[in-house]
Amino acid sequence: MNRHVKTDAARTLAQSHFRTPPGCGWRNIELLVPQRMRRAVAGPAVPILLQAQRVDARLEGVPSRLSPTRFRLCSQERHLPWLLDSAIGYEVSVEEETETVAGLALQGPTSFAILRDAGFSGVEQLKVFDLAEFAHDGATVTISRTGFTGDLGYELFVPAGKALSLWDRLMAAGELRGIRAIGYTALNRARLEAGLIVANADFTTAEHAIRADRLRMPDEIGLGFMIDLDKGHFNGRRAILEARTKKKLRHVLVGLEIEGNIPAEHAIVYYKKSQEVGLVSAAMWSPMAERNIALASLQRPYGDTIVDELWVEIYAMRELQYQKLMKKAKVVQRPFIKLDRRTANPPADF
Amino acid sequence: MTSSDLNWDAIVIGGGHNGLVAAATLARSGRAVLLLEAGNEVGGAARTEEFAPGFRVSTVAHLLNRLHPDVVKTLELERHGLTVEHGDFMPSVALSKDGPLTLHGAYGEVLTGASPSEQSAWKDLRAQLLRYAGVLKPFLSRRPPGLGGMSLAEMTGLGQTALALKRLGKEDMRDFLRVLLMNVYDLLDEQLSDDRLKGLLAFDATLGSHLGPRSPTSLLGLYYRLSGEIGGLAGAQVQPKGGMGAVVAAIRAAADKASVSVRPASPVAKVIVEKGRAVGVVTQGGETLRAKAVISAINPATTILELVGSREVDTGFVRKVKNIRMKGDAAKLHLALDRPPQFTGVDAADHKGRLVAAPSPDHVERAFNPSKYGEFSPEPVMEITLPSLADPSLAPSGACVLSAVVQYAPYALREGWATGKPRFLKAIMAQLETYAPGIGATVRHFELLTPADIEARYRMPGGHWHHGELQADQMLMSRPVSGWSGYDTPLEGLFLAGAGSHPGGGISGAPGFNAARHIIAMRA
Amino acid sequence: MRAGHGRRHQGAGRLKASGGTIRTGAEVDQVLIRNGKAKGVVLAGGEEIYGKLVISNADVKRTFLKLVEEKELPDIFLRRVRNFKIRGSSGKVNIALDSLPEFPALPKDSPAYRADMHFTDSIERMERAYDDRKAGRWSADPFLDMMIPTTLDPTMAPPGKHFMSCFVQYAPPKIDGRDWTDADRDGFAESVIAQVAQYSPGFRDRIVHMEVRTPREIEAEVGLTEGNIFQGELTFDQLLFNRPVPGYAQYRSPVGGLYMCGSSTHPGGGVMGAPGRNAAAEILRDLAKPTLHMSPAHDVI
Ligand SMILES: Cc1cc2nc3c(=O)[nH]c(=O)nc-3n(C[C@H](O)[C@H](O)[C@H](O)COP(=O)(O)OP(=O)(O)OC[C@H]3O[C@@H](n4cnc5c(N)ncnc54)[C@H](O)[C@@H]3O)c2cc1C
Ligand SMILES: Cc1cc2nc3c(=O)[nH]c(=O)nc-3n(C[C@H](O)[C@H](O)[C@H](O)COP(=O)(O)OP(=O)(O)OC[C@H]3O[C@@H](n4cnc5c(N)ncnc54)[C@H](O)[C@@H]3O)c2cc1C
């Protein structure tokens, strides 16, 4: 895929909006923001993955801070009842705005240039995770420098009634730069190259898991680093603590680089070609990385302390015939691709 | 040195009978125990109080039928003043316009006032009910079976239950499993024909819960009642001399003997949590008291949502606690009467018994219906006692005390209790008048406690008998909430020990005793 | 499903194709039992039909309290069959309409016209409807499960006409302890019409014909004792190993060669076929015949 500018509306499936008085410290926001993001909290916008705060990753989503007391949570699924119950005992009001606010992601190398050409002056000031409001069609559009592609990119939020005119404005401004709408398949490739994980694809959330042993702890999906146990109580704290002390963490999510160029989607991972130790949840040949990459969930200690002798069994179907391949896999760092332009300041003009 | 400087081994919140039992049991294991009670007196809903000049009554619980034998024995309550003699067993009288029917001895060892065929049907049914309640009885003194990671002791306990089931014999075991979750109405219909007897049993099965006889699983209430014993006899009931306060006085004496520090008038405002662990409490007066373990013998929802606060526990747990159903339907009526009333057809001895006005299961069901819609029963059902007949010290000479539990009086009355209460009182008095004509004219004073009054006065949320409905979904491993049924809480060092925990309410001491034994076993 | 429940006829076809014979209008009066073993049946007309096995699709009460003599059954089994609860609670009102009713609450041409409709807007209304049933009356304000099947399959009525199917709760098996009368039946129907008319102005004028089935008619026409739609209540005490009665939850009976296969048995009622399928498997097992030709219900992974 050539990493081109793209718009993607699929990310903002559900949104909630909440208000908290200053210093309220609602369980899912300030208290839970990991230490290394503290600085950002004090700033204008804080998108963090909430998965880390929920032991069972029930509440996935990305919150952003619209003002000192107002937050927006964008998540894959609707969580209003859970948020409301989480608000008991706090001075927090929660509103569902899935239907009233439209979200749009503008991602890719030319995204900044398009916004600028569309007349959003000041957008060049936005550093990664920053957010600001701009005028649009008699209303306000909130633009944050965020995204789910690992690339330079922005996310835009407008009242639903202004979605069409915003779309037209961007399409017109981006025509010469080859702007185009993309769907989930393209987004999925971009996020995989960026090493980002997706709920109910790379791990099963508590809401969806029918079998109690299919949930994942944050430590099991590579988000353990976001947990700060010294910060008072948060949902799942005791369970995480218990799992760590009782060594109940059974899985680990890793990035794999696989020999050859055949994508290993949903392949079984073996140790020494014979013992089943896990499965690939997402895979592709990455044209940018020029590597055959994958995300896999493995059973510890494989992928954790034992990283040698891992193999994947790929069933590649060609002309209605399966070709079975056994390929060597290597545990590698994520992201598979790191694009400097994502964070470059000022953003580059392509 | 003030007590704040002391480091207690255990602080017990709430001086109801369960709090006292827990405190006394813990103190006997050598722990330094402080008990904090909000009210000016200990006892909670088990108290004897003056409700009119010269008239005293057991103001909430008035009949003793399930004080657990392990509690009596371990705390040596008999040495501390508790007396239960065989002669004290009270009959239960089913009042009816067709004349009364009486269950004598321990829940009707002898039945009078019924036809010979009904007597023999009752004999069979009584034996069956006691047998089946007996299978469940051992659960009263154990932690509920856990779902994950059972200890050896728990496994053994379950094994014993399986054995008890086997001992029933094949056919009896099959019937046990068939009827377990039935409604009491249908079961009675299968085996009995006398409406008075059926009405009494339907009343007992639903007493203290938001169920009618025809509600699914209502039979469990009757098993719960019959799993209790007093004076060594299952199903028996007594009126303690001096009222329920005398039972609490015996437990209090045992606590004193074990050097429990009891502090009345000390409501706890907050449980102190540090790093996920309960380390003490703050009283409403602002005093901070620290301890190795905090044992809450008050309502579980109050404990978690108010004293601990939802911030210290997970949303899922908050959700479960918030969903515990506990809106009471039982009201309490106290009358100061000029003279003992005369219930039609009831002989002198039976006047000292428990008089139940629930003439048929359909009547009980009809009384229940309005409570679903926030209305009180126009023809309430009730359990009446005249405690001063057996214990003249409770009333001025010649006068009489009437104590009655009346259903159904929904906690959240739609019209509000301000206007509802006088109307409800009228409905109750109209019923009383039909069974004891002329009683209304002898009323010198009255006190009617609705569930809302009971909540305010005794700090029982919803005014609920069991501190949480005792129904299939809130029993055993689901009491108070699923996953946390063994007196532990998600907070290390914080335990629950009141009626809201397994096995449930009533003057049994079982939750307090089981909790204390668990804490001792854990060395907490 | 276009063919409605008539699709069952396909099953009948298959039965014939595999060598079975179906006789209608053949009411069984008695199961023939010799030395504790079923030998066949006697029809109402007196005709005797012999067979190695007798499998009853009638409900458990009808089968063992009417078709089998008491002396053939152990007391404890009889007691349990008598205690089996099969009290009806529902009725049916089928209405022929000369035009499609209107529901002003729905947008014009709403797909909801083809849907399963309910008029009950609170749990309290349902509960009060049940209070009437407990008191031995039909519900004054019933809850309806209403459909207009002709919106999906116009062939079920003459062109332009419609058919409305109303499933109604609650209707007790007896009214105030006595049998239903025609006047009761009409009162029951009126409670349904009144409710629909409340939401659909002019509804009464569209009615061409009406067929009303109270538990009395259901029992008389379909042979469901007390009109219970599931051949026995689906409460805890009558589920799983307790269905229909403890000790006989596996389609066998105390009489050798006499089996049960109706909805009185596990897992219960509804147009589902599971009791019959399970019964067949047990019978084949008793005959030591293979069951491989029976497809599994589904894989569980
Ligand atoms: C109308 C009615 C009639 C009943 N009749 C009978 C009967 O006849 N027989 C029978 O066996 N049972 C009866 N019961 C049930 C029985 O009364 C209760 O189940 C039982 O008393 C519960 O005991 P407990 O110790 O668990 O709780 P409680 O008795 O409620 O004790 C809790 C104590 O904690 C104290 N407390 C609360 N909050 C705080 C705080 N923040 N800080 C400090 N202290 C606090 C309260 O003041 C109270 O003293 C009846 C109940 C009702 C409502
Ligand atoms: C009003 C109503 C609405 C319903 N709606 C639905 C619905 O929408 N969806 C759904 O899934 N289920 C519904 N049901 C339930 C469903 O119809 C039944 O549970 C199911 O049909 C039972 O099937 P069965 O084969 O076990 O018994 P039945 O269908 O009762 O079959 C028993 C057969 O045995 C025959 N029989 C009885 N006695 C004798 C005898 N002595 N001799 C010979 N033959 C005899 C009867 O005539 C009958 O044909 C409804 C039922 C009713 C009454």
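The values are calculated or read from the model by the stated rules, or taken from the named source; none is laboratory data. All values reported here derive from a predicted model rather than from experimental measurement. Heads up, the Cβs are rebuilt from the backbone with ideal geometry, glycines too, and the neighbour counts pull from every protein chain shown. Accessible surface areas use protein heavy atoms only, side chains included; no ligands, DNA or RNA. Shrake-Rupley method; radii C 1.70, N 1.55, O 1.52, S 1.80 Å.
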Ranked order, B:D194, A:D117 - accessible area, probe 1.4 Å, largest first: A:D117, B:D194
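In chain C, which helices (entire DSSP H runs) extend 24 Å or more along their own long axis, judged by Cα positions, while averaging at least -1.0 on the Kyte-Doolittle scale?
Result, helices passing both filters: C:182-199.
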In order through segment A:91-100: 3J(HN,Hα) via Karplus (6.51 cos²θ - 1.76 cosθ + 1.60), integer Hz, x for Gly, Pro: 8, 10, 10, 10, 10, 8, 10, 4, 8, 9
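Would you mind giving the average projected area, over all directions, of the Cα convex hull of chain C in nm² with one decimal?
On the way: hull surface 78.2 nm².
If I average the Cα hull's projected area over directions, I get 19.6 nm².
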C:E211, B:E190, reordered so the largest accessible area comes first (probe 1.4 Å): C:E211, B:E190
Residue mean of other protein chain beta carbons inside 10 Å, A:85-93: 4
Most mobile of C:A140, C:A189, C:A197 in a GNM of chain C (Cα contacts under 10 Å): C:A197
Peptide-level mean, for B:180-189, of C-beta atoms on other protein chains within 10 Å: 3
Cα pair distances of segment B:258-308 binned at 5 Å [whole percent]: 5, 19, 30, 29, 14, 4, 0
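For the ranges C:251-257, A:282-288, B:446-452, B:294-300, what's the packing order if you count other beta-carbon atoms within 10 Å of each residue, average per peptide, and put the highest first? Walk me through the numbers before you get to the answer.
Details: C:251-257: 19.3, A:282-288: 17.7, B:446-452: 21.4, B:294-300: 29.4.
By packing density, highest mean first, the sequence is B:294-300, B:446-452, C:251-257, A:282-288.
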Long-range amide H partners of B:I384 with built H, under 5 Å: B:L355, B:V356, B:A357
Rg and Dmax [Cα atoms of segment C:180-301; Å; Rg one decimal, Dmax integer]: 20.4, 63
Percentage relative contact order, chain B, counting C-alpha pairs under 8 Å, at least six apart: 24
³J(HN,Hα), Karplus 6.51/-1.76/1.60, whole Hz, each residue of segment C:142-151, x for Gly, Pro: x, 10, 10, 10, 10, 9, 10, x, 5, 6
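Under the rule of -39500 (n - 2.57) per DSSP H run of 4 or more residues, summed and divided by the residues of the protein assembly as shown, what mean residue ellipticity at 222 nm is obtained, to the nearest 500 deg cm²/dmol? Mind dumping the intermediate values first?
Working: 29 runs with 296 residues, N = 1175.
Value at 222 nm, helices only, nearest 500: -7500 deg cm²/dmol.
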Nearest 10 degrees, 0 to 90: helix B:116-136 Cα axis against chain B principal axis: 10
Exposure rank, largest accessible area first [B:E312, B:E492, B:E375, A:E193; 1.4 Å]: B:E492, B:E375, B:E312, A:E193
From phi via Karplus (6.51, -1.76, 1.60), per-residue ³J(HN,Hα) for segment B:298-309 in Hz, x at Gly/Pro: 10, 4, x, 5, 4, 4, 6, 7, 9, 7, 7, x
Rel. contact order, % - alpha carbon contacts under 8 angstrom, at least six apart, segment C:90-222: 39
Pairs of Lys in chain C closer than 18 Å at Cα, counting only those 8 or more apart or on different chains: 15
Estimated distance in nm for a label pair at B:R457 and A:K273, the labels positioned 7 Å out from Cα along Cα-to-Cβ: 8.4
For chain C, built as a Gaussian network whose Cα springs stay under 10 Å, the top-fluctuating residue of C:R243, C:R216, C:R79: C:R79
Value of D in µm² per second that Stokes-Einstein yields for segment C:90-222, Kirkwood Rh from Cα pairs, at 10 °C (1.306 mPa s): 104
Averaged over A:229-237, number of beta-carbon atoms from partner chains that fall within 10 Å: 4
Long-range amide H partners of B:S296 with built H, under 5 Å: B:I13, B:F495, B:L496, B:A497
Positive-end extreme of charge dipole, the protein assembly as shown - chosen from B:G15, C:T235, C:T291 (charges on Cβ): C:T291
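Please report the orientation-averaged projected area of the protein assembly as shown, defined via the convex hull of its C-alpha atoms, in nm².
Working: hull surface 228.5 nm².
The number I arrive at for the protein assembly as shown is 57.1 nm².
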Residue-normalised accessible area of the protein assembly as shown, given per residue in Å² at a 1.4 Å probe: 43
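Calculate the tail of P(r) for segment A:250-336: the fraction of all Cα-Cα distances greater than 16 Å, expressed in %. Show your work: numbers first, answer last.
Numbers: 1697 of 3741 pairs.
Distances greater than 16 Å cover 45 percent of the Cα pairs.
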Long-range amide H partners of C:I33 with built H, under 5 Å: C:K39
For segment C:246-287, residues shielded by at least 10 square angstrom of accessible area compared with the chain on its own, probe 1.4 Å: C:P246, C:G247
Mean Cβ count within 10 Å, highest first, over the residues of peptides B:112-118, A:299-305, B:71-77: B:71-77, A:299-305, B:112-118
Nearest-0.05 FRET efficiency for C:L100 and C:E190, computed from C-beta distance (R0 22 Å): 0.50
Segment A:250-336 - percent relative contact order, Cα under 8 Å, separation 6 or more: 36
Only Lys, Arg (+1) and Asp, Glu (-1) charged, at Cβ; chain B dipole about Cα centre in debye: 1200
Charge dipole of the protein assembly as shown about the Cα centre (unit charges at C-beta), most positive-ward option of A:M284, C:Y199, B:A510: A:M284
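Would you calculate the volume per residue, in Å³, of the smallest convex hull containing every Cα atom of chain B? Don't jump to the answer; show the numbers that get you there.
On the way: hull volume 74.9 nm³, N = 524.
Once divided by residue count, the hull of chain B is 143 Å³.
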Acute angle (nearest 10 degrees) that the helix B:244-257 long axis makes with the longest principal axis of chain B, alpha-carbon atoms: 30
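Nearest 20 debye, what's the magnitude of the dipole of the protein assembly as shown about its Cα centre given +1 on Lys and Arg Cβ and -1 on Asp and Glu Cβ? Walk me through the numbers on the way to the answer.
Details: 141 positive and 130 negative charges, 630 e Å.
It works out to roughly 3020 debye.
In whole percent, how big is the carbon plus sulfur part of the accessible area of the protein assembly as shown, probe 1.4 Å, protein atoms only?
On the way: 27380 of 50890 Å².
Answer for the protein assembly as shown is 54 percent, counting heavy atoms of protein chains only.
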Residues listed by number, segment B:303-322, amide nitrogen under 19 Å from B:T288 label point at 7 Å toward C-beta: B:307-309, B:312
Computed E for A:N261/A:K127 - FRET, C-beta separation, R0 45 angstrom, nearest 0.05: 0.75
Where B meets C: accessible area buried, both sides, 1.4 Å probe, Å²: 1700
Candidate aspartates and glutamates for bridging to B:K352, where Cα separation is under 19 Å - those fewer than 8 sequence places away on the same chain excluded: B:E85, B:D88, B:E109, B:D204, B:D338, B:E383, B:D391, B:E433
